[in-house]
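One structure is given below, encoded as structure tokens.
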Amino acid sequence: MFANLKPLPTDPILGLMAKYRQDTNPNKIDLGVGVYKTEEGDTPILSCVKKAEKFRLENETSKSYIGLAGDLGFCAKMESLLLGEHPALLANRVRTAQAPGGTGALRVAAEFIAKANPQASVWVTTPTWANHIGLFSAAGLTVKEYPYYDYENKGLLFDEMMATLKTVPKGDIVLLHACCHNPSGMDLNAEQWQQVADLAKEVGFTPLVDIAYQGFGTSLEDDSAGLRLLAATVDEMIICSSCSKNFGLYRERIGACSIISESSAVADIANSVLLSVVRSIYSMPPAHGATIVDTILGSEELTAEWHQELAEMRNRINGLRSTIVEALHSRGVAQDFSFIEKQHGMFSFLSITPEQIERLQKEYSIYIVGSSRVNVAGVSKANINYFADAVATVIK
Ligand code: PLP
Ligand code: TYF
């Protein structure tokens, strides 16, 4: 039976990661997979995480199951982190299930949507994180796209986006990136978020917000402002969050799927469906990541330390954006790269050709995703000149 299987392509981003690891060039630079890196090129464990782990190791009393929704303390703290003191929370309209990473949360959301409305299409930005398409398709949902990134002007196709969203049938899902859009780095501003929220209310589509980089853009509050605005306008919404980046907990696989319903009574029904979905996929989520986040957010001291460590990561990324623009422009390149400074999070498109990307990899061991997406955090003082010289050479 297995002999009948056809081989499938691997994830190009993860494939690039493997290729980089095999490269023996001492000057190699990894600007591929979206993982934060320090000036030294490491992805260390946050100090607040180390402390929380130590505390848990000493104080954990049981390894018994934690239940379908996971760690309830974690779930409540995530709701506050995402929504603040939001009317939807005060009205008891939000239910959250801990999930194995943001990806797990998205897959749970996909199955939840398939139960609520199997005919629903999920609308995603052009372009979007490639996994979005696979995750929703795997749940049997149709994935459609709406215009988003303006490749030519390195901004947003906001009018085109709104024109398409106006045509979305009632009951469909529109996926929005809360901040630090992957792969373009282009985010909606507050006014645009309000327009999208008003349109959702008018047209009747359900927003699904993917928030995988809260705190990496401008601040924890600002990065969730659009999401909060949406939740204040519409009756129903889904939020898929991830602690991989902002807590640096990538391999612990920790995230959450939150459902906002029109009333507390409907929220209870939605919750029963959400938990039944969880049970049919993995029964219960792993505990470790949730206990770490719960411990940090439950301690004023550790929360303060986390805010500081998060700000360090964010400031480094934003500083590198300016460094890259300066380094390229100082080499007299004809292309204008100033857009990199206007974008947020770890990613931007360099907007160079596939041939130039290939030359960077073959001749310089600089690894960039085929779409020209770079992970800004992979640049450092030690490699910026090598990187800028190489880019300037291949785009001449
Ligand atoms: N959503 C987006 C847009 C992402 O870039 C990522 C990437 O890591 C995720 C969700 C999920 O991340 P994870 O499953 O590692 O928590
Ligand atoms: O886009 C990225 O690089 C991150 C990490 O299958 C990632 O979101 C990439 C691919 C993948 C899982 C995570």
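The values are calculated or read from the model by the stated rules, or taken from the named source; none is laboratory data. The model shown is predicted, which means the values in this text are computed figures rather than measured ones. Glycine gets a Cβ as well: all are built from the backbone with ideal geometry, and neighbour counts include every protein chain shown.
For the stretch 318-337, how many residues are out of contact with any helix residue (DSSP H, G or I) (no Cβ under 7 Å at 6 or more places or on another chain) and either on the phi > 0 side of the Ramachandran plot or in a helix (DSSP H, G or I) (or both)?
Of the residues in that region, 5 qualify.
Can you name every residue in the stretch 21-38 that is surrounded by fewer than 13 Cβ atoms within 10 Å (Cβ to Cβ) and away from ligand 2 (no atom under 16 Å from the Cβ)?
Residues satisfying the conditions are Q22, T24, N25, P26.
Regarding Y20, is this residue among the hydroxyl-bearing types (S, T, Y), in contact with a Lys or Arg (Cβ under 8 Å, 6 or more places away or on another chain) and either under 23 Å from A256 (Cβ atoms) or touching a residue at least 12 places away in the same chain (Cβ under 8 Å) (or both)?
It is true that Y20 is among the hydroxyl-bearing types (S, T, Y), in contact with a Lys or Arg (Cβ under 8 Å, 6 or more places away or on another chain) and either under 23 Å from A256 (Cβ atoms) or touching a residue at least 12 places away in the same chain (Cβ under 8 Å) (or both).
Being within 15 Å of ligand 2 (Cβ to nearest atom) and either part of a loop (DSSP other than H, G, I, E, B) or over 21 Å from H132 (Cα atoms) (or both) is the filter here; which residues of the stretch 2-20 pass it?
Hits for the stretch 2-20 are L8, P9, T10, D11, A18, K19, Y20.
Within the bounds of the stretch 70-78, is there any residue that is within 18 Å of A267 (Cα to Cα), within 16 Å of ligand 2 (Cβ to nearest atom) and not hydroxyl-bearing (S, T, Y)?
Checked against the condition, which is being within 18 Å of A267 (Cα to Cα), within 16 Å of ligand 2 (Cβ to nearest atom) and not hydroxyl-bearing (S, T, Y), the stretch 70-78 yields no hits at all.
Would you confirm whether or not the stretch 240-261 contains a residue that is more than 13 Å from ligand 1 (Cβ to nearest atom), more than 18 Å from V108 (Cα to Cα) and at pLDDT 95 or above?
No; the residues of the stretch 240-261 include none that is more than 13 Å from ligand 1 (Cβ to nearest atom), more than 18 Å from V108 (Cα to Cα) and at pLDDT 95 or above.
Listed here are the residues, each with its yes/no results for (1) away from ligand 1 (no atom under 16 Å from the Cβ); (2) crowded, with 19+ Cβ neighbours inside 10 Å; (3) at pLDDT 95 or above.
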site: G73; (1), (2), (3): yes, no, yes
site: K77; (1), (2), (3): yes, yes, yes
site: G84; (1), (2), (3): yes, no, yes
site: T96; (1), (2), (3): no, yes, yes
site: T103; (1), (2), (3): no, yes, yes
site: W129; (1), (2), (3): no, yes, yes
site: Y149; (1), (2), (3): no, yes, yes
site: L156; (1), (2), (3): yes, yes, yes
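Going residue by residue through the stretch 23-45, is there one that turns out to be part of a helix (DSSP H, G or I) and either away from ligand 1 (no atom under 16 Å from the Cβ) or out of contact with any strand residue (DSSP E or B) (no Cβ under 8 Å at 6 or more places or on another chain) (or both)?
There is no residue in the stretch 23-45 that is part of a helix (DSSP H, G or I) and either away from ligand 1 (no atom under 16 Å from the Cβ) or out of contact with any strand residue (DSSP E or B) (no Cβ under 8 Å at 6 or more places or on another chain) (or both).
Just to be sure, is L297 buried (at least 23 other Cβ atoms within 10 Å of the Cβ) and either within 16 Å of ligand 2 (Cβ to nearest atom) or not hydroxyl-bearing (S, T, Y) (or both)? Full working, then the answer.
Working: buried (at least 23 other Cβ atoms within 10 Å of the Cβ): no; either within 16 Å of ligand 2 (Cβ to nearest atom) or not hydroxyl-bearing (S, T, Y) (or both): yes.
So L297 fails the test.
I'd like to verify a number: residues in the stretch 355-375 that are on the phi > 0 side of the Ramachandran plot and either assigned to a strand (DSSP E or B) or within 16 Å of ligand 2 (Cβ to nearest atom) (or both), how many?
1
Looking at the stretch 306-314, can you tell me whether even one residue there is more than 16 Å from ligand 2 (Cβ to nearest atom), modelled with pLDDT of 95 or more, more than 25 Å from A178 (Cα to Cα) and not in a loop (DSSP other than H, G, I, E, B)?
No, the conditions are met nowhere in the stretch 306-314.
Among the residues of the stretch 344-361, is there at least one that is crowded, with 17+ Cβ neighbours inside 10 Å, among the hydroxyl-bearing types (S, T, Y) and under 18 Å from R316 (Cβ atoms)?
Yes: one or more hits.
Quickly run through the stretch 71-99 and pick out the residues that are small (G, A, S) and not in a helix (DSSP H, G or I).
G84, A91, A97, A99
Could you check the stretch 258-279 and list, in sequence order, the residues that are under 18 Å from N117 (Cβ atoms), assigned to a helix (DSSP H, G or I) and not aliphatic (A, V, I, L, M)? Show your work before the answer.
Initial filter on the stretch 258-279 (under 18 Å from N117 (Cβ atoms)): 259-262, 266-267, 269-274, 276-277.
Now narrow it down to the ones that are assigned to a helix (DSSP H, G or I): 266-267, 269-274, 276-277.
Across the stretch 258-279, the qualifying residues are N271, S272, S276.
Give the stretch 131-142 a look and list any residue that's over 18 Å from the mean Cα position of the chain (by Cα) and buried (at least 18 other Cβ atoms within 10 Å of the Cβ), or say none.
Within the stretch 131-142, A139, L141 meet the criteria.
So which residues in the stretch 239-257 are in contact with a Gly (Cβ under 7 Å, 6 or more places away or on another chain) and in a helix (DSSP H, G or I)?
The one that is in contact with a Gly (Cβ under 7 Å, 6 or more places away or on another chain) and in a helix (DSSP H, G or I): E252.
Mind listing whichever residues of the stretch 369-381 are more than 16 Å from ligand 1 (Cβ to nearest atom), farther than 21 Å from N153 by Cβ and at pLDDT 95 or above?
Answer for the stretch 369-381, where residues must be more than 16 Å from ligand 1 (Cβ to nearest atom), farther than 21 Å from N153 by Cβ and at pLDDT 95 or above: V379, S380.
Kindly evaluate G255 against the criterion of being in contact with a His (Cβ under 8 Å, 6 or more places away or on another chain), buried (at least 21 other Cβ atoms within 10 Å of the Cβ) and closer than 26 Å to I317 by Cβ.
no
Which residue is nearest to K154 (Cα to Cα), if the candidates are limited to the stretch 333-350 and must be away from ligand 2 (no atom under 16 Å from the Cβ) and touching a Ser or Thr at 6+ places or on another chain (Cβ under 6 Å)?
Checking each candidate, the answer is I340.
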